[in-house]
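Any read-out appearing in this document is the output of simple, stated calculations on the displayed coordinates, not a laboratory observation. Because the structure is predicted, anything quoted here is derived from the model rather than measured. Cβ: placed from backbone, ideal geometry, glycine included. Neighbour counts: every protein chain shown.
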Amino acid sequence: MIGTTATDATRATVDAFLVARANADTETLTALFADEVDWLLAENPVVPWIRPGRTAAECAAQSEELMAYIVPEDAKASIDTLLIDGTDAVLFGHLSGTVRTTGKSFEGPFALRLTVEDRRITRHHLYENSVSIAAACTR
């Protein structure tokens, strides 16, 4: 696209990511992630859906894995703020859900940092309320 800035391209990619994530569209998510991703989700051994990822397929699969462990109708995420500067985007919001195996709920704020290069996500760093999530996963 002629005249498209890095910020415009980042916004378009982030918007597509959010739609694909909301729809658990693994195929689109895989296409949006770069072949190799700088993926960060704080390790938490009692949370079964938190694990390392590097490839586009591994990163995209995290959405499906999450939905296998939580009650889908209780899963909620809202975005309060979206900041975009060139290739970087930061989202702030709130998430909540219920773990299937324990029936316990979790909630808390989150921050997600994404970097977009050539319309593909090369960095995905998620910071969330891991204490609440771990407590919900523990019987």
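Here are a few things to note about the model shown:
- Among 57, 12, 111, the largest mean-square fluctuation in a Gaussian network model of the chain (Cα springs under 10 Å) belongs to 12.
- Calculated [222 nm] ellipticity per residue, helices only, for the chain: -10000 deg cm²/dmol; basis is -39500 (n - 2.57) per DSSP H run with n ≥ 4, divided by all residues, nearest 500.
- Contact order, relative form, for the chain: 26 percent (alpha carbon pairs under 8 Å, 6 or more residues apart, mean separation divided by residue count).
- Residue by residue, segment 108-116 carries 3J(HN,Hα) couplings of x, x, 9, 9, 10, 10, 10, 10, 10 Hz when phi is fed to the Karplus relation 6.51 cos²θ - 1.76 cosθ + 1.60 (θ = phi - 60°); x denotes Gly or Pro.
- Cα long-axis angle, helix 6-22 against the chain (0 to 90 degrees, to the nearest 10): 30
- The trypsin sites (Lys or Arg not before Pro) of segment 1-66 meeting both criteria, a DSSP state outside H, G, I, E and B (loop) and at most 16 other C-beta atoms within 10 angstrom of the site's C-beta, are 54.
- The dipole here belongs to the chain: it is taken about the Cα centre, uses +1 on the Cβ of Lys and Arg and -1 on the Cβ of Asp and Glu, and is about 400 debye.
- Rounded tilt (10° steps) of 56-69 against the dominant C-alpha axis of the chain: 30
- Total charge dipole magnitude, segment 38-107, about the Cα centre, Cβ charges on Lys, Arg, Asp, Glu only, Debye to nearest 20: 280
- Neighbours of residue 76, meaning other residues whose beta-carbon lies under 14 angstrom from its beta-carbon, give a summed charge of -4 when Lys and Arg score +1 and Asp and Glu score -1.
- Among 50, 14, 29 the positive-end extreme of the charge dipole of the chain (Cβ point charges): 50
- Structure-derived volume of the Cα convex hull per residue in Å³: which label, when the choices are [x] 129; [y] 92; [z] 146: [y]
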